[in-house]
Every structure is written in structure tokens, then in C-alpha cells.
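Please treat every number below as a calculation from the coordinates, not as lab data. These numbers come from a predicted model, not from an experiment. Note that we place each Cβ from the backbone using ideal geometry, even for glycine, and neighbour counts take in every protein chain shown.
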Amino acid sequence: MRAFRYCVDEATASLWRGRGASLLAILTIAIALFVLSGFLVVSSNLERLIARWNDAAELSVYLADDISQEQRISVDQVLARNDAVVAAREYLSKADALRRFKRDFPDLATTADGLASNPFPASFEVRLRAAHSADDAPAKLAAQLRQTAGVVDVRYDRQWIERLSSVADLCRLMGYVLGGILVAAAVVTVTSVVRLALYGRKDEIKIMELVGAPIGYIRGPFVLEGTLQGGLGAGLALAALWSAVLVVRSREYQVVDGLADFSATAFLAPSLAALVVTGGMLVGCVGGFIAARTPR
Amino acid sequence: MRAFRYCVDEATASLWRGRGASLLAILTIAIALFVLSGFLVVSSNLERLIARWNDAAELSVYLADDISQEQRISVDQVLARNDAVVAAREYLSKADALRRFKRDFPDLATTADGLASNPFPASFEVRLRAAHSADDAPAKLAAQLRQTAGVVDVRYDRQWIERLSSVADLCRLMGYVLGGILVAAAVVTVTSVVRLALYGRKDEIKIMELVGAPIGYIRGPFVLEGTLQGGLGAGLALAALWSAVLVVRSREYQVVDGLADFSATAFLAPSLAALVVTGGMLVGCVGGFIAARTPR
Amino acid sequence: MIDAQNVSKLYNRSVYALRDLTLKIEKGDFVFLTGPSGAGKSTFLRLLLREETPNKGALRVAGRDLSRLTTRQVQAYRRGVGFVFQDFKLIPRMTVLENIAFVPKVLGAGSVPMRRRTFQVLKWVGLQHRMNAFPLELSGGEQQRVAIARALINDPVLVLADEPTGNLDPDLSLEIMNLFREINARGTTVVVATHDRELIRQVGRHTITLAHGRIVENE
Amino acid sequence: MIDAQNVSKLYNRSVYALRDLTLKIEKGDFVFLTGPSGAGKSTFLRLLLREETPNKGALRVAGRDLSRLTTRQVQAYRRGVGFVFQDFKLIPRMTVLENIAFVPKVLGAGSVPMRRRTFQVLKWVGLQHRMNAFPLELSGGEQQRVAIARALINDPVLVLADEPTGNLDPDLSLEIMNLFREINARGTTVVVATHDRELIRQVGRHTITLAHGRIVENE
Ligand SMILES: Nc1ncnc2c1ncn2[C@@H]1O[C@H](COP(=O)(O)OP(=O)(O)OP(=O)(O)O)[C@@H](O)[C@H]1O
Ligand SMILES: Nc1ncnc2c1ncn2[C@@H]1O[C@H](COP(=O)(O)OP(=O)(O)OP(=O)(O)O)[C@@H](O)[C@H]1O
Ligand SMILES: [Mg+2]
Ligand SMILES: [Mg+2]
């Protein structure tokens, strides 16, 4: 306990005395962690975005033109019963389908008007739950629906989902690579900053050893100083990142409408933020320990 | 000259003597520059990709069903004359248009088959040159085509192009922000590393001053040492990046087929690579100068 | 107290600093170590602090073989030894007071008795008025006295002093020697390396003279 | 050569290190500066090297007002002064030879005459056999002699030595003093701060005694 209080006193005093060097160390750590956790924010937001896109994956259930009222209700009930897979369903009448076609393909609108009868079938447009969009529950549902009376066809947009998840895979891959590099950068930076800061102290450590100071007292403050620097750096990084997120959120900027909504940009989950701080402190601690171990 | 040789000797000797610390400094610089120039590579490749996507922007020229052979040829000639804007053109007959509709909307294929006549018009599908896809030359061409006999409608995919260029804008914005942060990180890192390395030498600088060594001889080696560290770090970063590019190129990985082709990933332009090295040396030089100026 | 058997110390460049040194110093002795520059005085004291270990021979202090101590034991051993370094070895970022009280403080001495003790040693060496100065703000002689004060604060069983009066005027030197004599009178063994023949003459104790790493006189 | 008019030096903690010092030292003089620890000897020498400037009064050396020099002029002035520091101030990463020859080398002295000159000074102080050692591998007295050799290499017009024999035995001290006398005989002004009354008695020159920053004796 006494030893710990001594270390805390010494470390904070030393941080204060050498505030120039310490500030640089803290800043360096902060920037490394800022970039690192900035990546975490971008990647987690991207994953959320992809999940949302996945959410948009649809199952279209085309109905026969001569479907009876009972048949339509029974199809609706099949969907209602499968609410573990189905997020939402919407009935699209033949007239709605024509309207949508005209909206989506305005240059063909006149052509469609010239048609004798409405060629578009009525359908149920089904939104799937994100959790299920990758496994085979939707496929099973599709098979079941195909056998329901009054259903002409079920179109299940597998290809779209597969493309999306390959994009997600790529994002994750890039994430791991970039994340790895930046973690390495943070470790090297912190270690070097702490070590370099301690080169200037090696005489002091030597003197302490010569007058018989216990090892814990010699190394403790350095380890703690590294830890504090790491923690402060991490805190600074998170604060900067938080402001960056606020700035991004405030932008009235929507690319490819509806696909990305900046105002919903999420910050790091509390557990991740805690991890960043802990990581910073750990790295600083390790750096301080290495530095204090080999002052010669 | 003598002064310069002395500085070079001293700086290299000092780098060698303190190889532990120097290596850390160089590594830190290398990682900072690696991330920075890594971003440059990604961004330049992204711009190339967007340019290629822009290339895909199309102008559709719908022709009247009763168009004469001569009219069709004259439309074709208008396009041929505008080859500064037009990259390629393709004639799509009414039958082709129906086939394409069936391919794109397979669930409506049967419906289309049930139609008495083919409702789809013949058209010229025109690919625009990337250089022009953003200015108003295509719009002018569209206007001219609209007045050509036998043309029913010209559909010019402005929206698609605008979306793309807003994506490109966003990329560039993120690039500037990230680039700015990383340049700041590099400067802070180098300065702090050089300064911290020099804290351990301040006694030596003081002694040199007291025995009357000329200022140039006191500071020169430190400045040069910083410069060398910066240059070596930059070199290391470029080497690492080059290997990374090779690794990426070797991946047989195509997302959203045809949209991104990894095997064509380009490295930094020679001038940019030179800029990175010069920048590293400049930053190291500045760091060394600051550090040597204020050793107290 | 100190028992050296055929101790030799050879530095990396094959310079024999000590050669086959055999000597015994009894508990409670006051010994002067003298000899020309480079004779090996500091080297012998450094061996006694276990800053270095002998290349040959055995060195025992209070029954402990100094070559056979673990790192922790070395730290504990050093705390029982008061050492005045030839180059002072003060910590520049600590004040005079902190430099002196550092070890007892980390060992948990109560702050009131420790403060009293610190003032006492500072008064002995005549530096109470400079206690809040930093080492670099002191004159050479003042720094030397701080180093002496630090060596005495712990009530050590063995005091080793390397040229403790090199930067002091004769009057102050004699005062410091009287201080060492006082401590010695209370049972502490004292070994002082010095060139100052005048001082040795005045204090007049057991004197060991070294030259080229060998004992040339022991009386 | 040296002309101090009412020079006062006050350090940050309002300690008067020098008070209203007025003295003249002629060209070619050999002066001892003595006085108890903390009297202000080192401070006066530091003012003469322009490591510090006086808070009051004017200090002129060879006609130049030391407070009025630019950084470049200070460097040039220092090169004409040989200074032996109380704490040696050797550069640890340079060998003995490099420490001594550093300034002439960067000033472009030809390497052959410089080598000869370096050997000569090293022989004067009796250290030719240790010329490739690093300072930390030397005994206290050896380091002191390296510091003396560095002060002499440049054929300075003024030699300032702060306790140059503090770590040397009496015989070696006298030898070093003879060396200073020899240099003095060739016209160099020499100022030596020392506590060693014995030495002053043996050499017997102009002696200035300080106490509490004031001159108490000048004969
Ligand atoms: N940098 C400094 N800051 C504050 N006070 C100082 C500083 N340097 C010296 N002093 C004080 O000025 C006074 C004179 O110091 P100086 O070093 O000139 O003494 P000295 O005569 O050389 O003593 P010694 O013989 O012990 O070396 C002393 O009381 C000392 O504590
Ligand atoms: N770390 C070292 N490496 C190499 N040689 C050393 C080292 N320390 C001391 N020596 C050499 O060992 C010899 C004895 O040194 P030591 O310091 O014991 O002498 P000393 O008697 O204390 O001399 P002084 O009175 O000058 O302090 C000297 O020749 C010195 O150069
Ligand atoms: Mg010695
Ligand atoms: Mg002094």
C-alpha cells in the first residue's frame, strides 16, 4: 500500500516535472489510439450498415391472377406464422405493381399504358430478419410458400445477399489488416517513447540501485508513469474521436440516398471504449516495464 | 565542406552507437509513413476505380418504331462525329431490348411473352468518356440527339453519375481528414522521438557549448541524424507498402464482379514516392533542428 | 567485518585495477585507504558496495560472500552500507532533502522521526539552510556534503567514503572527519579513501596504502 | 587581462554568490582563488567563461565586456580560454583522445600536428597509456587529468582551473601545478581555484581569498 502510494506520487510528480516530454508521449499514444479506434468506429458503423442492407433483402411471393380471397389469407398466415424469419410483409396488388413499374422505369411508362391488360402479378413483398438473411431459413420458407395454393412463384434474392456479404467480408479483412498494423504502430510508439524518455533517467535508476532502493520502488514509478501516459493518451484519443463523430453526425450529407445515414453514426460501444483505454494503459505499462528493466 | 563531412561522420556514428533507440525511431517513422502512404495508395486506386465506374455512365437514345434506315444511320453519324464525348455506342434492336428485359426481370418473362406486340423500342446505348462524364458536353449531345429525326427520347443517366461523384467526393473528404491526422501523427512522432533521443544528450551539448565548439558543429549532427532517420523510415515504409501491394495483387478475389479488380492495384506514382521520402527527411530534419535548438 | 582473500579485479581492457589483495578489517575499525591516482582505491570500495564483483578471490563482509547475493539481497545489503561517492551521484531532479531521505522514505520510516533525523544529518554537514535547493544549485563542496549526509542517514553498520573531502577546505575536512570519528565511536566500521596526507596525519588511524592494485603499506 | 568592477551574482533563490567584487588580474599573472566551500570561487570562474553573466557590475576580459557578446562571439571567446571544470565535464561517448582533440578537430587543425600536440598534453598529465579508454573507465584522478589536458590543448591565452587537483595525490598535484607554472611562464594568464593550502604554500603566488562572495584577502 505504502509502496503503491509512493509510486503514484512519484509517477504523477514525474509526469508533471517532465511535462514537455510526457505531453509528447501522451500525444503520440493518443494519435495512434485515435487512428486505431477511429478504424473501430468506421468498421462497426460499416457492419451496422451492412446489417441494415441485409435487412433490406426481400422475398417476393407472386400470386396467381385468379387467386381467391381465402387463398390470399392463407398465404398471409403462412408468413405470419414464420415471424422468426419474416420482419415485415406488404401486399402489392396488380395495380400497385403496375404503378411501381411505371415509377421505376419512367421511359417505359407510355408503353405500359398502351397494354391491353395489366401484365404484372400481385405479390407479397417480404422483408427478412437480418439474423436469418444468411442461413437457410429463408430458403425453407420459400419452398413452403411455393407449395401454397395461389402462389405462382417465389423469388428470393440470394445473389444480392451474397454480394453484400462478400463486401462485408472484404471490409472485415481490410479491418483486420489495418487494425493489426495500427496496433503494432501503437505498441512500437509507446514502447519507444517510454524507453526514450527513460534513457534520460538511466543515471537516476543506477543511483537508486547503488543506494539500495528496493527494486519495486525503482521500477514502480516508471511502470506507473507509462501506464498513466497510456491511459491519458487513450482518453484523449476517445475524446477526439467523440468530437469527430459529433462533427460527422452533424453533416447533412447523404450519399446514395438511404444507403448511408451519417446522422446515425454510432460511437464505440462502451465495452470497446473501455478496451481502448485498458489497451492503452496495458501498452504503456508494458513499455514502462521494459524500459525500467533494461536501463543500461 | 569539412563541417559537412564532420556532421555526416558524427551522425552516422551516432546512429550506429545508439542503434537501439535509432531503430525504434526509424520504425516509428516508418509505421507512420506506411499508414500515410498506404492511404495514398488506397485513395489513388479508389479514384481510378471511380473513374472506371464513371466510364460506365450511359446515354440511351430511344428510336421510333417506324424509323427509316437513313434516319438510323444519321443518328449513328451524330454519335460518330461526337467521339470526343462518346467512348462507344451499341445498337439495340427491338428484339434485343425485349431479350434484355426478360433477362433482367425473369419473373416477368412469361408476362412479356403473353404480349401481342413487342412494346420495347430500339435504342443506341452510348458509353461516355470518363473525362466528360461530369461536365455538360453529354447534356449538349443529348439535346442535339433529341432534335434528330427518328429519335423518340434520350435518357441520360445524370442521377447515377451524380451519385458516383458524391461517393468520390466523400472518399476525397475522408482522405483529406485521415491524411491530415496521419501527417500530424508523423510530425509529432518524429519530433518527439528525436527530441526524446536528444534529452539524453543535453549534457553533451552543454559541454560542447562550454568548450566553445561552433554552433554548426553542435547542432549539425543532430539535424542530420534526424534527417537520416526520417529518410530511412520513409524507405522502410515504402518497401513495406510495396510488399503489401504485391500481396493484394496476388489475391484472386473479386467483389461485385468487375467492379474492383485487385490484380490491377497500382503502387504510388514515382513522384509521390519521392514526396514521401522527402517528406520523411524534412520532418526528421525539422525534428532534429528543434531538438538541437532547445536542449535545456 | 571485511575479509578479502586474494581479490583481483580486471577491467575489460585487461587493466589490473586490483591484484591479489588480501586484507582484514575488524568491526569498529576506522581505516584510511590511500595511494596515488589509479591505485585501485575506488575499485576496492566499489567491490565492497557490490557495484562490481571480483574476477578472482573471495570478498566477505559481515560473513556474507558478496559474489553470492541475489539481486534482492544486494539491495538489502547496500541499505546497510553508507557510501560517499567520489562523484557524489546525487539525483538532479530531487532536492537536497529528497536526495537524503529517499531510501528511508521508501522503506517506510515514519515521516516525523525521519524529518528530525534528516535535519540532524544536514546540520552535521552544515547545510540546513540549503535543504530545498537542487544539487545543480550547489557548489562542489556543498554537493559533497549532501552525499555525506545521505551516507549517514540510515545509521549504517559500514560507511565507505571515496575522497569525501576532495572539494572541501581543510577546516571543513577536519570537521567531516570528526563526524566520521563520532560515528565510528558508536561502533560503525568506517573506510575512507583519500589523498589528503595532512588529513591522515591529523586524524591518525589505521592506513592502508595501495599502488598499482597492490598493498604497499598496512599499518 | 581580467577587470571586474563591482560584480554581483545572485542565483534564483536570492543567494548572493558574489557581492560587489572588484579586482584586476594582469596579463601573465598566476592567481590562486581560495576560500571556504560556497565562497563563490566557482561562480567567479563561471562568469569568466561566460557560462553566467553578472547581475550587476561589469566584467571585462582582454578588453571585451563579457555581457555584450553574441552567441558566436561567446563560442570564439571560449575557444581562447582553457577551462578545467570541478566536475570534469567529459563527454562519456568519446574516448580520452576524442575528448581532448574535439575542438581543434572541428576547427580544422591538420591531423598530423594535432595528433602530435594531443600526445604531448597527454604525456604532460601522464595518461598516454589510457588514451583510448572512455571517461567512465577512468579513476577520478585520471578523469581530472583528462580535463586538464583538454584545457591546455588549444594554447589558450587564459587558463581557468576549478579545483584541478581535488582528486589527485600531493605529488601529482605538484606536478600539475608545475605544468600550469610552465604554461604561465610562456605568458598565459592562469587562475586556479583551490582549497589546498599546502599547495598554495608550495607554489606561493598571488592569492585572492573569498568568503561569502566577498574578497577578504588579496596579496
Ligand atoms: N545554479 C545555482 N543556483 C543557485 N545557487 C547556486 C548555484 N550555483 C551556486 N550556487 C550557490 O552559490 C554559492 C557559491 O557557489 P560556488 O559554486 O561559487 O562556491 P565555491 O566557492 O565554488 O564552493 P566549493 O569550494 O564548494 O566548490 C553557494 O552557496 C551555492 O549554493
Ligand atoms: N570501468 C572501468 N573500466 C576500465 N578500467 C577502469 C574502470 N574503472 C577503473 N579503471 C581503471 O582501474 C584503475 C584503478 O582505478 P580506480 O578508480 O580504482 O583508482 P583510484 O585509486 O580510485 O584513483 P583516483 O585516486 O584517481 O580516484 C585505473 O587505472 C582505472 O583507469
Ligand atoms: Mg577513485
Ligand atoms: Mg566550486
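Just a few scattered comments:
- Label separation (A:S243 vs B:R100): 5.2 nm, computed from points 7 Å beyond Cα along the C-beta direction.
- Distances, shortest first, from the label point of A:K140 to those at the same position in the other copies read 6.3 nm; the point lies 7 Å along Cα to C-beta.
- Degrees separating the helix D:140-152 axis from the principal Cα axis of chain D, which is the longest one: 80
- The rotation axis taking chain D to chain C passes closest to the C-beta of one chain D residue; that residue and the distance in whole Å read D:G166, 2.
- Relative to the longest principal axis of the Cα atoms of chain C, helix C:170-185 runs at roughly 80 degrees.
- Sorted by Cβ density within 10 Å, fewest first, the residues C:V203, A:V283, A:V8: A:V8, C:V203, A:V283
- In a DSSP loop and with at most 11 other Cβ atoms within 10 Å, there are no GluC sites (Glu not before Pro) in segment D:91-194.
- Bridge orientation summary for chain D: considering DSSP beta bridges with both residues in this region, about 50 percent are antiparallel.
- For D:G35, the residues whose modelled amide H falls within less than 5 Å of its own, excluding neighbours fewer than 5 places apart on the same chain, are D:L210.
- Inter-copy separations for B:K102, label at 7 Å along Cα-Cβ, nm, ascending: 2.7
- A straight line joining the Cα centroids of segment C:33-101 and segment D:114-164 runs 28 Å.
- With a simple spin-label model that places each label point 7 Å from the Cα along the Cα-to-Cβ direction, the separation between C:E182 and B:F4 comes to 6.6 nm.
- All lysines inside 25 Å of D:K27 as judged from Cα atoms, apart from same-chain residues fewer than 8 positions distant: D:K9, D:K41, D:K56
- Going from the fewest other Cβ atoms within 10 Å to the most, the residues B:D203, A:D66, A:D83 appear in the order A:D66, A:D83, B:D203.
- Loop-located trypsin sites (Lys or Arg not before Pro) in segment D:152-208 (DSSP state not H, G, I, E or B) with no more than 11 neighbouring Cβ atoms inside 10 Å: D:R186.
- Rounded to 10°, Cα long-axis angle of helix D:96-106 versus longest principal axis of chain D: 70
- Using a Förster distance of 45 Å, the FRET efficiency for A:A13-D:R116 (Cβ separation, nearest 0.05): 0.30
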